[in-house]
Every structure is written in structure tokens, then in C-alpha cells.
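Here's the structure we're looking at; comments come further down.
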Amino acid sequence: MFIPTLTEPQIALVVQQVAEYIDRQRQTYRGRAVPLNADQRESMQPFFPASALDSAGLLVLTSDRVSNPPFYPQLIQMGFEPAGLPNFSLMAAIYVRGHGSLSRAIQ
């Protein structure tokens, strides 16, 4: 994947936009997340410390999808290839600092 050379101000702008996008997604979905049930905790225990599992929330999206960031056109103008940008609407699961969001149930 080609990554363009960015100026310091461009890097700062991208970092700010990504942080704002993540915060907006967290605010949008946090209130709908539920704590992990016993089976989910047990299956994740080998991979995460208990403190992370205690604070984790899970949301299964059934009718809506997580949208792509609104700044993608700007990234493309900076030289990023569209195919190299993650398409969040196609992802099966997304982790947003303390909360997971699934687009479909895990069997």
C-alpha cells in the first residue's frame, strides 16, 4: 500500500480528524453497549486482562453500519489510495477503546 509523504501540518490534521472520528463513534454507540456475558468473558479471557474485560462493552449492530470517516475525500486529495482506506461499513467487528461493535453476531 502506498503511503504519501505528508507535511507536519497534514499529519497533525489527520491525527486530529482520526481522534475526533473515534470519539464521535464512541459517543454514538457507547450508550447501547452491554457488558460481556459469562460466555463472552470466558472466550476472551486468554487474550485480555480481567480489568479490560470488566470495562468492555459489546454492541451488535443489526440494521445500521458504522460509517466511513467524513474526511476520506481529504485523504484521497493528499495522495492516499481509496482502496487502501479501511471500509468500516464492511467490517465484521470494530474495537473502539473499551467497547466492541459487531455488525453481525459471532457464532
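Mean residue ellipticity at 222 nm, helices only, the chain: -11500 deg cm²/dmol; runs of at least 4 DSSP H residues each add -39,500 (n - 2.57), and the sum is divided by the number of residues. Under 5 Å between amide H atoms, partner at least 5 residues away or on a different chain: which partners does G57 have, H built in plane at 1.01 Å? Those qualifying (amide H under 5 Å, at least 5 residues apart or on another chain) are H99, G100. Each Lys and Arg adds +1 at its Cβ and each Asp and Glu adds -1 at its Cβ; summed about the Cα centre, the chain shows a dipole of about 260 debye.
Measuring how big the chain is from its alpha-carbon positions, Rg and Dmax come out at 16.3, 48 Å. Residues I11, I22, arranged from fewest to most other Cβ atoms within 10 angstrom of their Cβ, appear as I11, I22.
Figure legend: label point modelled 7 angstrom from the Cα of I22 along Cα→Cβ; residues of segment 35-73 with amide N under 15 Å from it are 69.
Within the chain, antiparallel bridges make up roughly 60 percent of the DSSP beta bridges whose residues both belong there.
Readers should treat all values here as calculations from the given coordinates under stated rules, not as data from a laboratory. Note that the structure is predicted; figures quoted are calculated from it, not measured. Glycine also receives a Cβ, built like all others from the backbone with ideal geometry; neighbour counts cover every protein chain displayed.
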